[in-house]
Amino acid sequence: MLLENKKALIFGLANNKSIAYGIAENFKKNGASLAFSYVGEPLKKRVEPISQELGGDFIFDCDVTSDDQIKSAARLVREKWGQVDVLVHSVAFANRDDLQGRFIDTTREGFKLALDVSAYSLTALCQAFEPLLSKNASVMTMTYYGSQKVITNYNVMGVAKAALEASTRYLAADLGMNGVRVNAISAGPIKTLAASGISGFKTILSTIEEKAPLRRNVDQNDVGKAALYLASDLSSGTTGEVLYVDSGYNVLGI
Ligand code: NAD
Ligand code: 0WE
C-alpha cells in the first residue's frame, strides 16, 4: 500500500461529493491515517459521519481565514499525531455575486475575501504546519484552469487561483530543502457543492465532453488517484508543479 504509516490531514471536505472525499477514499484504500477539518458547528454534523465511514482518526474546527484557528489546529494535530506526512488544501470561497457578471465589478472586499480564503490560506497552513511536516512530506492544493484563461463567470476566483498556483511554486522553493514537496492539481469541472448554482455549469460540462481529448468529464476519483500519486513516494522528484486532471482540455488550441 502506497501510503502505509502515513498521516494525511485534509482541509475542505464538505460532503461525499467533495473533491476531498475522492482524495480521502484513495488515501484510505492505500493505508493512510486521516483527519479532517470542518468550518463551524453546522458542518461538523456533516463531516463527522463521513470521517467515521472513512475511518478518520479525528476532526477539528478550522476556518482558514483565522490565524488563531489555524494555530489551534496545529497544536491539536501535534498532540494527536506529532507529525504530518500529507497535507491536502481543498478550500475555496468567493461571494456568489462575484461569480457572475463582469470581473470589473469585483469589490475590494470581494477580492480580499476570495484571495484570503482561496489563495493565502495555503501559505498560512504551510507556515503553521511546517514544524510538523515530516521529511519528504507532500502538500497539495486544488486549482482550476480559470487561473490561466478567461472562463466566463469564474472572475475573481481565476485571479485567486493564479495567486494559488504562484504560491505553490514559492512554497515549493521554501520547503524543498526539508524534502517537502508542494504541488497543485488542476481539476476539470466537477459537480460538487462549490459548483452548484453556478450559471452555465452544465454548458461547461458538455463542452468538455464534446471537445476534451478524452471526450469525458473527470470525477472525484480521477482527482483522488492523482492526489494518491502526489501524496506517495511515486512523485518523489516533482514539486512546484501544476498537474492537470482535466481530460486533456488545457492542451487544446483551435
Ligand atoms: P466543496 O464545496 O466540496 O469544497 C470546498 C470546501 O471549502 C468546503 O469543504 C468548504 O467548507 C471549504 N471552505 C470554504 N471556506 C472555508 C474557510 N474559510 N475555511 C475552511 N474551509 C473553507 O467543493 P469542491 O469542488 O470539492 O472544491 C474543493 C477545491 O477544488 C476548491 O479549491 C475548488 O476551487 C477546487 N476545484 C473545484 C473544481 C470543481 O469543478 N468542482 C474544479 C477545479 C478545482
Ligand atoms: O473553484 C471552483 C468553485 C469555487 C467557488 C464556488 C462557489 C459557489 C458558492 C467559490 N466560491 C463559491 N461561493 C459560493 O457562494 N470551481 C472550479 C468550480 C467552478 O465554479 C465556477 C466555474 C467552475 C468550473 C464559477 C463560474 C464558472 C465556472
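The values are calculated or read from the model by the stated rules, or taken from the named source; none is laboratory data. Keep in mind the model is a prediction, meaning the values are calculated, not measured. Virtual Cβ from ideal backbone geometry, glycine too; neighbours counted across all protein chains shown.
Data overview
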| read-out | value |
| --- | --- |
| Single residue of Val86, Val139, Val182 found to be farther than 29 Å from Ile208 by Cα, out of contact with any Pro (no Cβ under 7 Å at 6 or more places or on another chain), more than 12 Å from ligand 2 (Cβ to nearest atom) and not aromatic (Phe, Trp, Tyr) | Val86 |
| Residues of region 176-216 classified as charged (D, E, K, R), assigned to a loop (DSSP other than H, G, I, E, B) and loosely packed, with under 12 Cβ neighbours inside 10 Å, total | 1 |
| Elements of type strands (runs of 3 or more DSSP E) contained in region 30-118, each with 2 or more residues being in contact (Cβ under 8 Å) with a residue 60 or more places away in the chain and crowded, with 16+ Cβ neighbours inside 10 Å | 84-89 |
| Matching entry among Thr107, Thr168 (being more than 10 Å from ligand 1 (Cβ to nearest atom) and more than 22 Å from Tyr244 (Cβ to Cβ)) | Thr107 |
| Selection within region 134-154 - within 13 Å of ligand 1 (Cβ to nearest atom) and buried (at least 18 other Cβ atoms within 10 Å of the Cβ) | Met140, Thr141, Met142, Thr143, Tyr144, Tyr145, Gly146, Ser147, Asn153, Tyr154 |
| Sole exception among (1) in contact with a helix residue (DSSP H, G or I) (Cβ under 7 Å, 6 or more places away or on another chain); (2) more than 22 Å from Lys71 (Cα to Cα); (3) not in a helix (DSSP H, G or I) for Lys135, by number | (2) |
| Neighbours by Cβ (under 8 Å, 6+ apart or cross-chain): first from region 136-151, farther than 30 Å from Lys6 by Cβ; second in a loop (DSSP other than H, G, I, E, B) and of a type in the set (Phe, Trp, Tyr) | Gly146/Tyr154; Ile151/Tyr144 |
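Let's see how each residue does on (1) more than 13 Å from ligand 1 (Cβ to nearest atom); (2) at pLDDT 95 or above:
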{"site": "Arg181", "(1), (2)": "yes, yes"}
{"site": "Ala184", "(1), (2)": "no, yes"}
{"site": "Thr192", "(1), (2)": "no, yes"}
{"site": "Ser199", "(1), (2)": "yes, no"}
{"site": "Ala212", "(1), (2)": "yes, yes"}
{"site": "Ala227", "(1), (2)": "no, yes"}
{"site": "Ser232", "(1), (2)": "yes, yes"}
{"site": "Leu243", "(1), (2)": "no, yes"}
{"site": "Asp246", "(1), (2)": "no, yes"}
